[in-house]
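Visitor: Below: one structure in structure tokens.
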Amino acid sequence: MMLRERERSGRMYYVVRYNAAILWISYQLRMVLSLTLIRISMKVIFSPDSRLLAFHSSDRTVRLWDTATRTLYQPLEGHFDQVRSVIFSPDSRLLASRSSDHTVRLWDTATGTLQHTLEGHSDQVRSVTFSPDSQLLASSHSSDRTVWLWNTATGVL
């Protein structure tokens, strides 16, 4: 087993085992949740407010887990190829997922609904990041050496 990340207060951690099980443990070292994924999870991250855990795997979906209610949301579906990474906005209201399908998708973390599909890159998006105020999202890929800035409210460049 391998400890991968802890939320900001240090009360919760997640552990990834080689067989793709994700385990949550609290500061008391008691298991809170155990999930076995269809595919090995690529990345698991806490939201900045520590309320949500996001993870994705090679099955083209993203999953959210509410740490307070211990509720696993329905899969966030829409990508046509493997999801490569996910990132929360600084205000924890949005989740961006980037995929091998050349898109970035913005999800509302309160409802799990797709807000915008950001399209136009000619190759796989390599990097995404939010502005500190969560109003902009920057996306880039290495083949054209450009950075695109998207308005997160409208999904427009």
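Visitor: Only residues in region 114-129 that are surrounded by fewer than 17 Cβ atoms within 10 Å (Cβ to Cβ) count as the first member; pair them with residues that are among the small types (Gly, Ala, Ser) and part of a loop (DSSP other than H, G, I, E, B), Cβ under 6 angstrom, at least 6 apart or cross-chain, and list the lot.
Guide: Hits for this filter: LEU114/GLY78; ASP123/SER143; ARG126/SER142.
Visitor: Can you pull out every residue in region 112-137 that is hydrophobic (A, V, I, L, M, F, W, C) and either touching a Cys at 6+ places or on another chain (Cβ under 9 Å) or assigned to a strand (DSSP E or B) (or both)?
Guide: Selection gives LEU114, LEU118, VAL128, PHE130, LEU136, LEU137.
Visitor: While we're on this one: Only one residue in ASP49, ASP59, ASP66 is surrounded by 13 or more Cβ atoms within 10 Å (Cβ to Cβ), modelled with pLDDT under 85 and of a type in the set (Asp, Glu). Which one?
Guide: Only one candidate passes the filter, namely ASP59.
Visitor: Please find, within region 69-102, the residue that is farthest from HIS121 (Cα to Cα) out of those that are assigned to a strand (DSSP E or B) and modelled with pLDDT under 90.
Guide: By that ranking, first place goes to THR71.
Visitor: Consider SER140 against the criteria (1) of a type outside the set (A, V, I, L, M); (2) in a strand (DSSP E or B); (3) modelled with pLDDT of 95 or more: it satisfies all of them except one. Which criterion is unmet?
Guide: (3)
The values are calculated or read from the model by the stated rules, or taken from the named source; none is laboratory data. Source: prediction; values computed, not measured. Using ideal geometry, Cβ is built from the backbone for each residue, glycine included, and neighbour counts are taken over all protein chains shown.
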